[in-house]
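Asker: Here it is, the structure, as structure tokens.
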Amino acid sequence: MPSLKDLKIRIDSVKSTRKITKAMQMVAAAKLRRAQEAAEASRPYTERFNAVLGALTASVGQSDSAPKLLRGTGSDKRHLLVVMTSERGLCGGFNSTIVKLARTHLAELVADGKQVQIITVGKKGREQLKRDQADRLIAHVDLSEIKRVGYNNAQDIAKDLLARFAADEFDVCTIFYNTFQSVVSQIPTAQQIIPASFEDSGEENALYDYEPSEEGVLADLLPRGVATQIFAALLENGASEQGARMSAMDNATRNAGEMIDKLTIQYNRSRQAVITNELIEIISGAEAL
Amino acid sequence: MADTMQFDLVSPERALASLKATAVQIPGTEGDMTAMPMHAPTITTLRPGVLTVTSADGTQDYYVTGGFAEIGAEATTVLAERAYPSDHEGKRAIEAHLEEARAAAEEAHPDHKDTADKLVADFVHLLDTMT
């Protein structure tokens, strides 16, 4: 049975924990709004871009002269996985779900006898994968210093990927991130970006004149497409992270509240027991006289 | 004939402009072109240059670094990789891009050297046109 003082200390400590989680929840809510706005702002660009690329790939994609980025290298032996996670913890299952999806994918590829390499974006994913996949990790992108993910961050990652692709280091590249659905649900997503796979929007495309030429435009756009997809993934991930953190902290705040209630009841019971004891002592002392 | 068309300028980070324009001058890779309403549908890539939008309220300049433009009869959409309003900030950003392009051109693979050098030249030209 803990003493009254011990209980008091515990209650105070849980109370300050609750204050912290409450504050983190509110910060996450504010950041979520900003992340969502950023994702919203990038959507028109991404949508138009993909529509045009989709139309182009539909008309040029099948020919032999199509760029390597679209056609692939002709083999799919070497895979590169880009795993995007957060830089900070305390966001529920956010990082674990991405890593789990990447692990499943990895296991399938390895079972098929493929070579797999991994690039991590964000500290948390690296920590998890380092334990058992340390020899597959070939690079890490650190975004911890960056407050707001910008297009240039995505461009840097894309540049690195394209350089590796040009140097013939891998055949297929897949990115892993969380798609933001709502505050309580983020969907881990795997998306193949090299060779590019665009859904044909089914739009009329024969109408357009292309300058310099269809192939020229496509060759110019494909590398940008990689950056655009990575940027979109980073933004989705950013919003998902804040959403996950918000609901995780909301749960933590509620749990702390329940704990405080329970401890307070226990504290009051013990206090009353002490008073009753004292009364009994006084009364029995008086009776003995 | 319609005398205005919908014009949108979007970059990956935000939408910069969305208005009814009468003419848009676009710095295409193969030369400048002016898109007006009822233009034949065209998709062109961009080089670094000045994008001039003319609307009922006057003209507005933007600096763009690359990307592409989708021109249609009733709407023109410019998807710029980077776009800046033509002010002091924009000029500084372009100067920074020029430095980057120079550095990239220095170490460019011989096959891509021409393209990289052209990019630098375009940036220099763009800076020259700024006052």
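The values are calculated or read from the model by the stated rules, or taken from the named source; none is laboratory data. Computed from a prediction, not measured in an experiment: that's the story for all the values here. Cβ: placed from backbone, ideal geometry, glycine included. Neighbour counts: every protein chain shown.
Asker: Name the single residue that is nearest to B:Q6 (Cα to Cα) among those in region B:74-116 being away from chain A (no Cβ under 14 Å) and surrounded by 15 or more Cβ atoms within 10 Å (Cβ to Cβ).
Answerer: Checking each candidate, the answer is B:S86.
Asker: Go through region B:43-64 and count every residue that is closer than 24 Å to B:K118 by Cα and either away from chain A (no Cβ under 11 Å) or more than 8 Å from the chain's Cα centre (by Cα) (or both).
Answerer: Initially, region B:43-64 is screened for residues closer than 24 Å to B:K118 by Cα, giving B:43-52, B:61-64.
Subsequent filtering for residues that are either away from chain A (no Cβ under 11 Å) or more than 8 Å from the chain's Cα centre (by Cα) (or both) retains B:43-45, B:48-52, B:61-64.
Here the count works out to 12.
Asker: Mind checking whether some residue in region A:104-115 is surrounded by fewer than 21 Cβ atoms within 10 Å (Cβ to Cβ) and among the hydroxyl-bearing types (S, T, Y)?
Answerer: Yes.
Asker: Can you tell me which of (1) in contact with a Pro (Cβ under 8 Å, 6 or more places away or on another chain); (2) within 14 Å of another protein chain (Cβ to nearest Cβ) is the one A:I98 doesn't meet?
Answerer: (2)
Asker: Moving to a separate point now. What's the total number of residues in region A:14-42 that are surrounded by 14 or more Cβ atoms within 10 Å (Cβ to Cβ), more than 14 Å from every other protein chain (Cβ to nearest Cβ) and among the small types (G, A, S)?
Answerer: Within region A:14-42, residues that are surrounded by 14 or more Cβ atoms within 10 Å (Cβ to Cβ), more than 14 Å from every other protein chain (Cβ to nearest Cβ) and among the small types (G, A, S) number 2.
Asker: Also: Looking only at region B:1-14, how many residues end up being within 14 Å of chain A (Cβ to nearest Cβ) and either over 15 Å from B:D61 (Cα atoms) or assigned to a loop (DSSP other than H, G, I, E, B) (or both)?
Answerer: Number satisfying all stated conditions: 5.
Asker: I've got another one for you. Take region A:26-56 and flag every residue that is closer than 22 Å to A:S86 by Cβ and of a type in the set (A, V, I, L, M, F, W, C).
Answerer: Those that are closer than 22 Å to A:S86 by Cβ and of a type in the set (A, V, I, L, M, F, W, C): A:M26, A:V27, A:A28, A:A29, A:A30, A:L32, A:A35, A:A38, A:A39, A:A41.
Asker: So, one more: Take the residues in region A:43-61 that are modelled with pLDDT under 80 and in contact with a Leu (Cβ under 8 Å, 6 or more places away or on another chain); name whichever of them is nearest to the other protein chains (Cβ to nearest Cβ).
Answerer: Among residues in region A:43-61 that are modelled with pLDDT under 80 and in contact with a Leu (Cβ under 8 Å, 6 or more places away or on another chain), the one nearest to the other protein chains (Cβ to nearest Cβ) is A:L56.
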